[in-house]
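Just so it is clear, none of the values below were taken in a lab; they were calculated from the coordinates. Everything numeric here is computed off the predicted structure, so don't read it as measured data. We place every Cβ from the backbone using ideal geometry, glycine too, and count neighbours over all the protein chains shown.
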Amino acid sequence: MKKDKILVIGACGQIGVELTLALRKMYGDAGVLASDLREEHDLLKGTGPYVSLDVMNKEMLHVLVIRHNITQIYLLAAILSATGEKNPLLAWHINMQSLLNVLDIAKEENLDKIYWPSSIAVFGPNSPLQDTPQHTIIEPTTIYGISKFAGERWCEYYNNRYGVDVRSLRYPGLISYKSAPGGGTTDYAIEIFHEAKENQHYTSFLAENTYLPMMYMPDAIRATIELMEADASKISVRSAYNLSAMSFSPKEIAAEIKQHMPAFTISYEPDYRQQIADGWPDSMDDSLARTDWGWKPEYDLVKMTEDMMKNI
């Protein structure tokens, strides 16, 4: 087992639960300290140490890092796109200040590595929608996207100015059966499976031909760990790497579900999240991640649907 001591902030969220469990397999149960404001997630109970932590309390965070000899931090706490639009100032405050607290402590304590997730939400309607490049026009229109873009700049700044080894991925929509979605615009791609199993019908809040980049959670977890385990010399992007696996529409995922459940039906009632989705890419160019540290997805729509239907 490696001797690093990892702190996962936001460990009870959609990504946090599965990432914490994967890291504990690598670093040992005691080597990964899980933390969140919420009560400990059922899947984490009994798997390793857990503390209640408010990342906005910088002093408390700093004391925790020193007391537990933390060498790496994964900061996953955030207010996501759809939720953020309901209270933009709160979303900005939490998403920004949490990152600045972690980056500043990493600088002061000379921590080995920091992970902070970005998102396809950094892109806007003026970005190329097809195969969106790594470097392109970035004019986000949601507070979530604005905060993620600003966060990317801070990450790069702390790397350039202070040598903080911070790494990031622009996650597409993430799909998982193990933990609940967190209030994002791509949540329909998780809800649709639960509704299919329970009611054999789903009412989509996005229009039928709305294409968005998506990824199955096992791929997202693997990509995160592969990025963090890569030698620093291979990391050419210190803002956030584009990351991609598949793109599909509500109509296409519904058709795939019907392969497993012929009685399943779908209807469409687009709401305020449609406007958010319309400003995001249809597909992503992640060639830099593939070149720099060997990223390659394992799951496509067919393989993911089969696994989701089996496990939900």
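Using a cut-off of under 12 Å, list every residue of the range 238-261 whose amide N is near the label point 7 Å from the Cα of Q274 along the Cα-to-beta-carbon line. None, by backbone N distance to the label point. Phi-derived couplings, Karplus 6.51 cos²θ - 1.76 cosθ + 1.60 at θ = phi - 60°, listed residue by residue for the range 99-113: 5, 5, 4, 5, 4, 5, 5, 4, 5, 5, 9, 6, 5, 5, 8 Hz, with x used for Gly and Pro. Let me make sure I get this right: for the range 245-312, a, b and c are the square roots of the gyration tensor eigenvalues over alpha carbons, sorted descending. Under 1.5 in a/c it's rounded, otherwise prolate if a/b > b/c, else oblate. Which is it? Verdict is oblate for the range 245-312. Hey, what angle do you get for helix 301-311 against the long axis of the chain, alpha-carbon based, 0 to 90 degrees rounded to 10? Approximately 80 degrees, to the nearest ten. Quick one: angle between helix 217-229 and the longest Cα principal axis of the chain, in degrees between 0 and 90, rounded to 10, please. Helix 217-229 sits roughly 30 degrees off the main axis of the chain. Charges were assigned to the Cβ only: +1 to each Lys and Arg, -1 to each Asp and Glu. The resulting dipole of the range 111-232 about its Cα centre is roughly 240 debye. Top mean-square fluctuation among L129, L64, L80, Gaussian network model of the chain, C-alpha springs under 10 Å? In the Gaussian network model the winner is L64. In the chain, helical runs assigned H by DSSP with n ≥ 4 each contribute -39500 (n - 2.57); averaged across all residues and rounded to the nearest 500, the mean residue ellipticity at 222 nm is -13000 deg cm²/dmol. Could you tell me how many degrees, from 0 to 90 and to the nearest 10, lie between the Cα long axis of helix 58-67 and the main elongation axis, the longest principal axis, of the Cα atoms of the chain? Roughly 70 degrees between the two axes. Stretching D292 away from E229 to a fully extended chain increases their span by 21.4 nm, per 0.36 nm per residue minus the current alpha-carbon distance. Per-residue Karplus couplings for the range 197-211, computed as 6.51 cos²θ - 1.76 cosθ + 1.60 with θ equal to phi - 60°, are listed in order as 5, 7, 10, 6, 8, 9, 9, 7, 8, 10, 5, 4, 9, 7, 8 Hz, Gly and Pro entered as x. Using R0 = 35 Å, the C-beta based FRET efficiency linking S236 and K310 works out to 0.35.
Taking 0.36 nm per residue of sequence separation and removing the Cα-Cα distance, the R161/V302 pair yields an extension gain of 46.3 nm. Spin-label model, N69/A180: points 7 Å from Cα along the beta carbon direction are separated by 3.8 nm. A cut-off of 5 Å between modelled amide H atoms, ignoring neighbours fewer than 5 places along the same chain, links V32 with I6. Considering only beta bridges that DSSP places wholly inside the range 1-152, some 0 percent are antiparallel.
Structure remark: mean-square fluctuation, Gaussian network model of the chain, C-alpha springs under 10 Å; the largest value among Y272, Y50, Y158 belongs to Y272.
Would you kindly state how much longer the chain becomes between I137 and Q200 on full extension, computed as 0.36 nm times their sequence separation minus their alpha carbon distance, in nm to one decimal?
Values: separation 63, 0.36 × 63 = 22.68 nm, distance 4.09 nm.
The span from I137 to Q200 would gain 18.6 nm if fully extended.
Given the pairs K45/K178; K3/K25; K113/K234; K251/K296, which span a C-alpha to C-alpha distance of over 20 angstrom in this model?
In this structure, K251/K296 exceed 20 Å between Cα atoms.
From the coordinates of this entry, Kirkwood radius over Cα pairs in Å is computed, and it appears in (i) 19.7; (ii) 21.2; (iii) 20.2 under the label (i). Its Cα centre serving as origin, the chain has a Cβ charge dipole (Lys and Arg +1, Asp and Glu -1) of approximately 740 debye.
Note on the range 252-312 and the range 1-70: Cα centroid distance 29 Å, given to the nearest whole angstrom.
Of the GluC sites (Glu not before Pro) found in the range 215-312, none is in coil by DSSP with at most 10 other Cβ atoms within 10 Å of its Cβ. With the simple model of a label 7 Å out from the Cα in the direction of the Cβ, E208 to K258 spans 0.9 nm.
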